[in-house]
Each structure stands twice: as C-alpha cells, then as structure tokens.
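Data first, discussion second: the structure below is written as structure tokens.
The values are calculated or read from the model by the stated rules, or taken from the named source; none is laboratory data. Owing to the predicted nature of the structure, the values given are computational and were not obtained by experimental measurement. Here the Cβ positions follow ideal geometry from the backbone for every residue, glycine too, while neighbour counts run over all protein chains shown. Quick note on the areas: whole protein, heavy atoms, side chains included, nothing else; ligands and nucleic acids left out. Shrake-Rupley method; radii C 1.70, N 1.55, O 1.52, S 1.80 Å.
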Amino acid sequence: FILMQIEPYCSDGITQSDEECDDENEKNEDGCDQTCRVEEGWICSSSPSVCSYCGDGKVTGKETCDEGSVFYGCKTDCKG
C-alpha cells in the first residue's frame, strides 16, 4: 500500500495552502476567482467556499444579515 500525496489545486473544493477560497470552479465574478482569491467586496466561507456579496439582499456565506442595503442597520460587513 503506497500513500501518494496529492498536490492542492484551485477548484478542488478544499481551501488549502495559499488559497483564500475554493468554490469548486474556475469562474470569476462569483466571489472566488479562478486563482482562488476572494474578489473585492465578497465574503467567502472555508471549504468548499460559499461566497456572498454584502448588500445583495441574500444571507449567504459568512453573513449574519443582508437587507439589500448596508444603510438599514446591517453593518457594512453584513455581520450584524
């Protein structure tokens, strides 16, 4: 029985090594870009990454609130 170490790679759904996020795809503009970096304005969870955009009215990722606008009591980081 031989153990082989698999090298981490972007889009495998596991945030590891120097990846900031990994959402199991290589698409841009969904929060986690093709190089596994969190895109500006987005918040992403760990593995596999679920990314959300604060102010879109959807509570996703690490958000605890998102009223569609950060001006109505939900902080600019969508965390309360």
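Please report the base-10 log of the normalised intensity I(q)/I(0) for the chain, using a Debye sum with one equal scatterer per alpha carbon and no solvent, at each q in 0.12, 0.16, 0.22, 0.24 (1/Å). Log-scaled intensity ratios, in q order: -0.38, -0.58, -0.89, -0.99.
Accessible area per residue for the chain in Å², computed with a 1.4 Å probe and the full protein assembly in place, what is it? Walk me through the intermediate numbers first.
On the way: 5520 Å² over 80 residues.
Solvent-accessible surface per residue comes out at 69 Å².
The heavy atoms of residue 52 offer some 0 square angstrom of accessible surface to a 1.4 angstrom probe. Under a model in which nothing but the beta-carbon of Lys, Arg (+1) and Asp, Glu (-1) is charged, the chain shows a dipole of about 380 debye around its Cα centre. With each label modelled as a point 7 angstrom along the Cα→C-beta vector, the residue 37-residue 25 pair spans 2.1 nm.
Only protein heavy atoms count here; under a 1.4 Å probe, residue 53 has an accessible surface of about 100 Å².
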